[in-house]
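Asker: Let me begin by handing over the structure; questions about it come next.
The values are calculated or read from the model by the stated rules, or taken from the named source; none is laboratory data. Just so we're clear, the structure is a prediction, and the values are computed from it rather than from any experiment. All Cβ positions, even for glycine, are placed from backbone atoms using ideal geometry, and neighbour counts span all protein chains on display.
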Amino acid sequence: MIRAKLLIENKVTDGDIDTVNRWQAEKTGKIWLDIQDILSEETGQLLMALGCDPLAIKDASRERHPPKIEAFDQQTFLLFRGISELGEDLQLVPQQLAFFVGDNCLISFHRGPSVSIDYYWALVDGDPELLADPGRLALRMLHYASGRYLETILGFEDQLGELEDILLSGAAEAAMKELVSYRSRLRVLRRVFSYHQRLADAVMHGTGPHLSTDDEQNQHERRDLYDRCERLYSLCTMYYEICGDLLDGHISLSSHRLNNTMKILTIITAIFVPLSFLAGIYGMNFENMPELGFKYSYFILLGVMASLSTGMLFLFRKLHWL
């Protein structure tokens, strides 16, 4: 699907490929061309006719490509990892958004519907000034897409707190599985946001002459985009580390509980070893064992065994093993 919005004298009109051809012939006004499709040969030729670089077109057509920004003579190329779906479980279904930003035109390219682009597509009708600066409009769409990430990431903090309570309560097996899966998904998101942070840093420091670097308002838009991308990366990194700390902490607590159990079993074994030794000696069937004929041998042996057990218990308590 190809659709277009043309701004002439503060009036926005909707159109299609014919509107693009008319704008290209007349060179009046500013245009936003939105392409929602898999890149065809015909679409590729249209983009090249509008001044898009062939290598940038190739990058935009790929289903997966790291976010980037590249400046060309006629346009600045922006590639952003948007959201097709990001649930509360942090399972990301990404959507690649490509923008070709010129002085008088903005071209957006994506596979399937995009919430960010559709939001501003509807907004432009009520506020034509948005299309007056294509660079600022592109930055606002990136800012809006980053905000959708941020909303979900901030909501994850409550889930992390609940998992921590479950781990401390002892019902940990299911929570452990969740934490491992969350940590894996956070690793993916952290990689995505590291690309976004580098892209936003390049945007803020002047990469892309078609993004109106000298304009004070656009500098504010750049800074907002950078702050949001940096916050996403830092939050993801923090949550990733918290998940790791919770897993390590639970393993440490489990090891500590196991060590305490083993200590008790070892103490019990240490007490019964000498008793078993004495019982083994006097359980042997030798004829010449003089003390067996003594009247009080049984009671003396019981007393020795009781004294050994009591003495060892006293010693272990004194050493703080019990």
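Asker: Of the conditions (1) hydrophobic (A, V, I, L, M, F, W, C); (2) at pLDDT 80 or above; (3) surrounded by fewer than 14 Cβ atoms within 10 Å (Cβ to Cβ), Ala174 satisfies every one except a single condition; which number is it?
Answerer: Exception for Ala174: condition (2).
Asker: In the stretch 1-42, what residues are of a type in the set (Asp, Glu), over 17 Å from Leu131 (Cβ atoms) and surrounded by 12 or more Cβ atoms within 10 Å (Cβ to Cβ)?
Answerer: Listed by number, the list holds a single entry, Asp37.
Asker: Would you say Gly206 is at positive phi and either at pLDDT below 85 or out of contact with any Cys (no Cβ under 6 Å at 6 or more places or on another chain) (or both)?
Answerer: Criteria met by Gly206.
Asker: May I pose another question? Does Ile31 satisfy the condition of being assigned by TED's automatic domain parsing to the domain that holds Gln75 and assigned to a strand (DSSP E or B)?
Answerer: yes
Asker: Something else about it: For the stretch 180-205, what are the residues that are aliphatic (A, V, I, L, M) and under 12 Å from the mean Cα position of the chain (by Cα)?
Answerer: Passing the criteria: Leu186, Val188, Leu189, Val192.
Asker: For the stretch 19-60, name all the residues that are more than 20 Å from Gln75 (Cβ to Cβ) and at pLDDT 85 or above.
Answerer: none
Asker: Another one. Being in contact (Cβ under 8 Å) with a residue 24 or more places away in the chain, farther than 30 Å from Gln74 by Cβ and exposed (fewer than 14 other Cβ atoms within 10 Å of the Cβ), is that true of even one residue in the stretch 222-242?
Answerer: no
Asker: So, one more: Can you pull out every residue in the stretch 134-166 that is modelled with pLDDT of 85 or more and of a type in the set (Asp, Glu)?
Answerer: The one that is modelled with pLDDT of 85 or more and of a type in the set (Asp, Glu): Glu151.
Asker: While we're here: Condition test on Leu258, is it closer than 30 Å to Leu186 by Cβ, loosely packed, with under 14 Cβ neighbours inside 10 Å, under 59 Å from the mean Cα position of the chain (by Cα) and not charged (D, E, K, R)?
Answerer: Judged against the criteria, Leu258 is a match.
Asker: May I pose another question? Of the residues that sit in the stretch 272-303 and are in a helix (DSSP H, G or I) and touching a helix residue (DSSP H, G or I) at 6+ places or on another chain (Cβ under 7 Å), which one is modelled with the lowest pLDDT?
Answerer: Checked the stretch 272-303; the qualifying residue modelled with the lowest pLDDT is Glu291.
Asker: Okay, next question. Could you grab me the full set of residues in the stretch 134-193 that are under 20 Å from Glu85 (Cα atoms) and of a type in the set (A, V, I, L, M, F, W, C)?
Answerer: Hits for the stretch 134-193 are Met141, Leu142, Ala145, Leu150, Ile153, Leu154, Phe156, Leu186, Val188, Leu189, Val192, Phe193.
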